[in-house]
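The structure under discussion appears below in the form of structure tokens.
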Amino acid sequence: MKWLIGILFLILPVLAQAAPDLGTYRDLEGVRVYQDHAKKNIWYVSPSDLHMALRQDKTADYALDVFRYHGRSGTSDQGEFLVHGILSIGISREQPPGRSKAIRTALSKAGIKNPRLSTMPVVGADIKLMFADQGKSWQQKSRWGGRQLILPLEPEMTEVLWKAVENGQTLLSLSVSEQLQGMRLIDEEWKEEQTFLAWTLAIDMDMAKHPNKFRKTDLGGRMSHGYTGIDVFCFDFIEELDPDLYAKMIRVAIPTTGRELVEEVTFRDDGKYRFRIDFKHAKGLAWPYRVQIVRVMRDGSKHIGEWIKKQGESMLDVTAYREPEQSSGE
């Protein structure tokens, strides 16, 4: 057993020293690969570039929602008019099928015997979404894998972006700069170093070609005819209205002959701000429905609201809008 432990102690430092040589790399199959500083047949594949994710209909994954909200007496903001803009963009960094095999083949043709691929160490990423002179940026201590970005927009930004896409003049781009960790030979000595790789993706939001990706919704709207469902909206998490809020459950009691059917949707801090509740049978406006809001806090406490009667509203907004500040009243 002692000799086995001794061998492990001898092997572990060698494994720990495995790192890419930042001074030796090749650009193959649209990606940069770095050779290991010690084992010449090991190559590290850098993160893939940025691509628009695709929806099920094979179109680019983006959308712009504009919501108009009229103040109400029940929320102490009667007379106010607010505009919510929400931009969603799906980004993918998946490598094309067969890329790894193609890279190994290219390395073999270049004289590398038995090439092996590994993942490039990434110790930081800066991500920035830019529109004109506006932007949103964030950082993380690892590689950025791409995801769906759901971003709230200020009213001015919302109107500018909407007018831009109407005129076919969208100037939207996403940039990612990642910090790569490796070794570099300096004065005949291997030293830890870092380098950066950056990508920029231009995002073309085409309203003429994809009008269904752009929606304007009046949250205070009422239906003059029968309805078959309710769209439920909650902007608490996107607008970060309550940092102590963990989840918000919305219960809708739908009247049917003899009893009520209760449907429930839950909003969390995952960016989703819209749910659709479909009624099994069309209901007339003479049949009101009831709504109950349950707020779950991060400390585990739960606040159950009273049932509220609604009638004729097919857009149910459950956002806890901030009350306007009271004047000092000199």
- Task: For Lys113 and Tyr246, compute 0.36 nm times the residue count separating them, minus their Cα-Cα distance, and round to one decimal in nm.
- Result: 42.5 nm
- Message: Taking the Cα of Val262, stepping 7 Å toward and past its beta carbon, and measuring to each backbone N in segment 303-320: which are under 13 Å?
- Response: 304-308
- Message: Can you compute the modelled spin-label distance between Asp204 and Lys58, with each label point 7 Å from Cα toward Cβ, in nm?
- Response: 1.7
- Gain in length, Lys309 to Gln148, computed as 0.36 nm per residue apart minus the alpha-carbon separation, to one decimal in nm? 54.4 nm
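No lab work stands behind these numbers, since they all come straight from the coordinates. Only a predicted model underlies this, so the values are computations on that prediction, with no experimental measurement involved. Virtual Cβ from ideal backbone geometry, glycine too; neighbours counted across all protein chains shown.
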